[in-house]
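Contents: one structure, followed by commentary.
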Amino acid sequence: MDERGSDGWYLLAGVLVAAFVAALGGAALADGWQSQARAVADCESETFGACLGQALLGGPLLLVGVSVAAAAVWLAQRVMGTAHPEWGTVLGTAATTGALLLWEAGHPRWVPPPSDLAALLAGVGVAIGVTVVAVPLPRLLRAALAVALAVPFAVYPNLSRETRRADLADRLDRAGLPLLVSRAEGFAVKTAWANPGRRFVVVTVGRKTDPRTDGTSRDRDVTIRVVPVPADFAPPARCGPTVAELRVPDRAPTPPLDPSCRPVGPDHWTRTEADVEVHLLRRGDALVLVQPDWNASDGDAATVAGSLTEVAPRRLADLAVD
């Protein structure tokens, strides 16, 4: 075998060994990510923030794992005599990360990939990265291939945003409740959430503030909650669940809150909860609760309650997902 053929076999062997090491690392990282996700999902916090601490701990541990896997890929290239192992590791990591981003873009929330898929993405990604660096190529072609590895990073935000919008629009539609936003000037949708199984929708609208006139730079947020009208709804004596009961439905407030309310207009009442005025409105078979958040006033809630308009699921999803 001539020297050129021998070099080709050495190069192929180097690429395959680096890809194999990367595949093992990818599978191990995915398995650790899955275990951490299960632990957080199964966590029953007995003290405030216990599960949050466990979730925050998982991030650094995964970053350490990624660093160890990248170091192992670099070492494999060094042992095999592959040219420029540091750049092969950088481009291989970039190719793997880009492929993972494209996979995650099809999911509304970040989820750990299956171990076999993670192994495939890592192995192929590192093989591509090492090949681009180590194979003799024209300089322009090598640069073009390196730039192409950045394409997933550029398209991921738009793809992910569209997936999250479609998922939110589907959940809003399946909730089967009126989707309400404010027509009042200055108020814009910030977030929206729906639980079709338990049938509730939560929309937060906010108004930008001017520190020169409002004395604060924080947005003035108002929350709109929509639930089915309770069977015993009979205002003003029985006006349905309070905001506290809707936030934590499995825990009854202590002491029990006054369920009564005061009439304001047709199908419109108010009730004082935790020193703020909550507006209750009936829209067909739905009960709407409008509550000022931390930095908003009772006047902000009254403005929103008096300017509600119904929108389609897709429209609300477009407004809520930036």
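The values are calculated or read from the model by the stated rules, or taken from the named source; none is laboratory data. No experiment lies behind these values; they were computed from the predicted model shown. Don't worry about glycine lacking a Cβ; one is built from the backbone with ideal geometry, like all the others, and counts go over all protein chains shown. Ligands, DNA and RNA are excluded from the accessible area calculation, which covers all protein heavy atoms including side chains. Shrake-Rupley method; radii C 1.70, N 1.55, O 1.52, S 1.80 Å.
Relative to the current alpha-carbon distance between D298 and L141, full extension at 0.36 nm per residue lengthens the span by 50.2 nm.
Put simply, the amide H of D293, placed in the peptide plane, has neighbours under 5 Å in D221, V222, T223, leaving out anything fewer than 5 places away on its chain. Annotation: amide H-H contacts under 5 Å for L179 (H modelled 1.01 Å from N, sequence separation of 5 or more, or interchain): V311.
Helix 151-175 and the long axis of the chain differ in direction by around 30°, with both axes built from C-alpha atoms. Label-to-label distance for L159 and V229 is 4.7 nm, based on points extended 7 Å past Cα in the beta-carbon direction. Protection proxy ranking for 258-270, 300-312, using the average of other Cβ atoms within 10 Å per residue and placing the highest first: 300-312, 258-270. Length gained on full extension, L12 to R238: 73.8 nm, using 0.36 nm per residue less the C-alpha separation. The packing ranking of peptides 93-104, 167-178, 229-240, highest mean first, is 93-104, 167-178, 229-240, where packing means the average number of other beta carbon atoms within 10 angstrom of each residue. Considering only alpha-carbon pairs that sit under 8 angstrom and 6 or more positions apart, the relative contact order computed for the stretch 3-172 is 33 percent.
In a reduced charge model with +1 at each Lys and Arg Cβ and -1 at each Asp and Glu Cβ, the chain shows a dipole moment near 500 debye about its Cα centre.
What residue among L75, L281, L316 has its Cα farthest toward the positive end of the dipole of the chain, where the charges are +1 on Lys, Arg and -1 on Asp, Glu, each on the Cβ? Positive-most Cα among the choices belongs to L316. Which of [x] 1.15; [y] 1.02; [z] 1.07 is the computed Rg/Rh (Cα atoms, Kirkwood Rh) for the structure on display? The calculated read-out lines up with [x].
Only helical runs count toward this figure. For the chain, summing -39,500 (n - 2.57) over DSSP H runs of n ≥ 4 and dividing by all residues gives -18000 deg cm²/dmol at 222 nm. Rolling a 1.4 Å probe over the heavy atoms of the protein chains gives the stretch 92-213 an accessible area of 52 Å² per residue.
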